[in-house]
1. Evaluate segment 122-135: report whether one residue or more is assigned by TED's automatic domain parsing to the domain that holds residue 245 and under 18 Å from residue 202 (Cβ atoms).
2. For residue 92, indicate whether it is in the same structural domain as residue 159 (by TED's automatic domain parsing) and over 26 Å from residue 411 (Cβ atoms).
3. Are there any helices (runs of 4 or more DSSP H) wholly within segment 379-455 with 2 or more residues that are under 19 Å from residue 41 (Cβ atoms), in contact with a strand residue (DSSP E or B) (Cβ under 9 Å, 6 or more places away or on another chain) and outside the structural domain of residue 282 (by TED's automatic domain parsing), and if so which?
4. Do we have residue 66 as touching a residue at least 60 places away in the same chain (Cβ under 8 Å) and touching a strand residue (DSSP E or B) at 6+ places or on another chain (Cβ under 7 Å) here?
5. Name the single residue, out of those in segment 297-316 being outside any helix (DSSP H, G or I) and modelled with pLDDT under 95, that is farthest from the chain's Cα centre (by Cα).
6. For residue 409, work out the one condition from (1) touching a helix residue (DSSP H, G or I) at 6+ places or on another chain (Cβ under 9 Å); (2) under 19 Å from residue 92 (Cβ atoms) it doesn't fulfil.
7. Condition first: at pLDDT 95 or above and farther than 13 Å from residue 45 by Cβ. Now tell me which residues in segment 62-76 satisfy that.
8. Which of (1) more than 22 Å from residue 368 (Cβ to Cβ); (2) in contact with a strand residue (DSSP E or B) (Cβ under 6 Å, 6 or more places away or on another chain); (3) surrounded by 20 or more Cβ atoms within 10 Å (Cβ to Cβ) does residue 270 not meet, given it meets every other one?
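The values are calculated or read from the model by the stated rules, or taken from the named source; none is laboratory data. Being a predicted model, the structure only gives us computed values, none of them experimental. Backbone-built Cβ (ideal geometry, glycine too); neighbour counts: all protein chains shown.
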């Protein structure tokens, strides 16, 4: 008798134990939790986050889970939604290049909200994160790149699966309940990449709704709700609805031996990942050759087709959110400021007339041949022509991926800089020690440190 695909995941999640996880997987999960905490704090007042916060606070409800960066608690559904929006507001959260998704922004806020409500432990939140990343990455890899090319935003469409998987562990659900939770999650995914063309403010809603959907799915399963038996492979199931090409060998190959969380990338540039190789190449040219901005005559970026289609155009507006999805605008900002960090993507910086002038002199070209190596390589070549010569740099894999990683010190520094935008330095360091240390703690203790008054 063939076991439905989701049943294999349910058994895997049910049997997952902290004691069985390799040390490097536990450490990676801690880094993901630390990274998400920092970007969610720094994103608390960006774009959609404050608007959604006001709507939720006005609605009220049971005080079940902490809103990161606030002095309020809200129902567990709202906490997952709002914290996910905050975590994706900067577009600086982690991702996975083979999944074409942002696991952390969907999995972690759902896990934290439920773990706080259930009074879960530090070890339980780590297992939750590992389980959630495993599911979202494996399903995403199975349906991409076809899913992405059809215009779906994988973070929103597949995110509910990962969020539900993460919620099942602190809720201590059995295998049957986990199976139903995952199936119910599969009925709720949504997200369209049209938000990259306009309406970029709404992009964080995709992981927000995914995190919320995962919480709902797990709670419904615990209450006895049942989902479709073959949610993935059924004739009118997820695979046939969302993708033209499905590789099911990617779904369970190495399950329990090769943990997908080890393949995530971290970001230092506060922009769409498809822009990062171009930014890395540009900054290396500038830093190693001492080029003055006023000496630059022309900039050309040769990149892969997906990057060109999603980020190759100069934004028509001066929106700081739109700038995060524009290679020409991001190149201009990095040239003028020497980096592409959080503060560079402010309205004041983006509206600088010099940004538009440089962006207009930046040509972006798609090289079809680069598509043969995507997503294993997200390559870009930047050519800077100046009054005294021409400089070129090719980047095949941007910094932050497993093959080209940041140091742990760099990631900790990123967290401190982001968290310090809302929290006192002594609280930032205390939070860092709690997450990255080996001492036992309750998730509620961590959430106490992640809340603050913005009055």
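1. No, that holds for no residue.
2. Taking the combined requirement at face value, the residue does not satisfy it.
3. Output list reads 443-450.
4. So residue 66 fits the description; yes.
5. 297
6. (1)
7. 62, 63, 64, 65, 66, 73, 74, 75, 76
8. (2)
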